[in-house]
Structure formats: C-alpha cells, structure tokens
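FYI, it's all coordinate maths here, none of it is from the lab. All figures in this text were calculated on a predicted structure; none of them were measured in a lab. Note: ideal-geometry Cβ built from the backbone for every residue, glycine included; neighbour counts use all protein chains shown.
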Amino acid sequence: MAQLLFYLLSAAAIAFGFGVVASKSPMKSVLSLLATFVALAMIYLLSGFQFLAAAQLLVYAGAILVLFLFVIMLLNMSDLETLAEHPTVSLGHTRVAIATVSAGVLGLIAILGAGAVQASESAAMPPDGYDKIEWIAALLFSRYMVPFQASAILLLATMIGVLVLAKRRRPVQTTELGRVDA
Amino acid sequence: MTVPDEHLLILAAILFATGVAGFLLRRNAIIVLASIELMLNAANLSFVAGCRMHSTSAAVNLDGAIFTIFVILVAAAEAAVGLALVIALYRLKQTVHLDALNELEG
C-alpha cells in the first residue's frame, strides 16, 4: 500500500516536474512547481521524515512559492502580448542539443549509480520516523552549531541584499547649487 | 513494505535531469529560477535517501536530514535574491527574457 502510494506520488512529481519546464506561461510553471513540492513532501512523509515534510510544505510551498507568485503578479507577465513578443523557448539547434545531451547524460549517470547502490538489508523504519525533532535539535546545537550560526548570518545578509536590490532608486535631483544626491 | 531507497535515488535523478533541461532551454528568468528550485529539491531527495541508507532501526544517522534543512534554508535565500534580481532586471529592461541581456557579449 505504502509502496503503491510512493510510485503514484513519484509519477505525479515527475509529471509536474515536466510541467514546470514545459508550460508556456510562468504562472502555470510555478503552479506545477507547487504540485511537485507537495508530492515530494508526501514522499518524505512516506519515507519516515515527518519534520522534513512539514518543513518542505512550510518553506517551499508556503514561502518560496508565494514569493514566485508575488513577483509574477507584480510584473504582470501572464500578458499574452509579451509572451508572443518574446519566444519563451529559444530553440537554437545547438542549445537543444547541449541541453538534451547534458540532461540525458546526467540523468543516465545518476540512474545507473542509483541502480548500483546496494540496498542496506532493508532495515525496518523506526516506529516514529527518522527525524525526531529532539534529535535534530541536539545535532543542530552541538555538531552543527557553526553552520547553524552561519545560516543566521546568511539570512541577515540576504535580507539586506534583497532590500538593496529591489529598492526603487530615486532619480538624481539637481539644484542650482549643483548635483545633490537624493 | 517500505519505500525502496534506490527508487528514491532514481526519482531524484529524473527530477534533477528535468531541472537541468529547463535551466538550459527556457529563456524566462522566472522559469529558470523554478528549474533551479527543482534541482535543489532533487538534491534534497537524494540526501533523504542517503539518510535512510545509513540508518538502522536501532541507530539513526541524521546527518542527511540536517543537510536537507540547510539546503532548504539556502534555497529560500537564493529564491529571494534571484527574484529581487528579476525585479531589478524588469525595471531596467522591461522584460525578463534572458536573451535580451547581451551587454556583456562585447
């Protein structure tokens, strides 16, 4: 039963993953990305990672996807005129060849590598999942303390960087005294 | 009766290859960013598979799960910066079409 559900969810994740790449408008692409994330969260849940499933839904589906949708709506890119004006896929032959070959080779190597993996005597899943929050917290505050602190600094730097990037720059005002930066 | 680890890895490989194809083929900056998110998710999935492979029911090795959390964090930061760049780009060029950016080609 769980295995059947896993294969169904995998098929959904792959189909929606193709939808991300293949759909014409960015809105449809981002909505398929949302469906992919939800399918992956369900797969985490089936694999015994409850906390990761929750984090996936909260951070990806709840925060990142909203950011994507917000930008799409802000820039009003579902406009059909701009879609017609700029081809969304530029099908230069070299580009298609390079993309197909690199994606194909990467996928093939990864699939062959995965096939060569010896499954570890199919150890039984712990009854209440792998990632108990107590264990994660204990690891985060002991062995992974430095990366944990560094990620806080990363988030702060990101916040400031995004503010600087997205701030509307005021035009430079000139007065009779000369150039005055606004 | 549980999810096989190799099939998790194969699913991650397929998703990653899809993301690479989207990254190389699409010219809309938003869809390129979405493809990057897809690739990061594939990487997360293989971390989860690795975490399962290195755990037994007696001793759980959680390094993979911790790494997944850090990847999710970095992905959030990356999406925020990338979308801010898209907004700045749109203000400058009135488009998010990546082929419209060729100033550096010389």
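Using the Karplus relation 6.51 cos²θ - 1.76 cosθ + 1.60 with θ = phi - 60°, the per-residue 3J(HN,Hα) values for the stretch A:21-34 come to 7, 9, 6, 6, 8, x, 4, 5, 4, 5, 5, 5, 4, 4 Hz, with x marking Gly and Pro. Residues whose amide H comes within less than 5 Å of that of A:TYR144, counting only those at least five positions distant or on another chain, are absent (H built at 1.01 Å from N in the peptide plane). Mean partner shielding of peptide A:13-20, defined as the number of other chain Cβ atoms within 10 Å of each residue Cβ, is 6. In terms of the mean number of neighbouring beta-carbon atoms within 10 Å, the peptides A:18-27, B:83-92, B:33-42, A:44-53 order highest first as B:33-42, A:44-53, A:18-27, B:83-92. Starting from the 7 Å offset along Cα-to-Cβ, what nm value, one decimal, do you get for the label separation of A:MET145 and A:PHE70? The two pseudo-label positions are separated by 3.4 nm.
The value for the protein assembly as shown of Rg(Cα) / (2.2 N^0.38 Å) is 1.13. When Rg and the Kirkwood radius Rh are both evaluated on Cα atoms of the stretch B:5-98, their ratio Rg/Rh stands at 1.12. Derived scalar couplings between HN and Hα for the stretch B:57-62 equal 5, 7, 10, 9, 9, 9 Hz in order, rounded to whole Hz, by the Karplus curve 6.51 cos²θ - 1.76 cosθ + 1.60 (θ = phi - 60°), x for Gly and Pro. Separation of the stretch B:6-77 and the stretch A:1-80, taken as the distance between their Cα centroids, equals 13 angstrom. Extending 7 Å from Cα along the Cβ direction at A:LEU108 and again at B:LYS93 yields two label points whose distance is 3.4 nm. Of B:PHE23, B:PHE70, B:PHE47, the residue with the greatest mean-square motion in the GNM of chain B, using alpha carbon springs below 10 Å, is B:PHE70.
For A:LEU58 and A:HIS93, the FRET efficiency from 1/(1 + (r/R0)^6), where r spans their Cβ atoms and R0 equals 35 Å, is about 0.25. Derived scalar couplings between HN and Hα for the stretch B:46-53 equal 6, 4, 5, 4, x, 4, 5, 5 Hz in order, rounded to whole Hz, by the Karplus curve 6.51 cos²θ - 1.76 cosθ + 1.60 (θ = phi - 60°), x for Gly and Pro.
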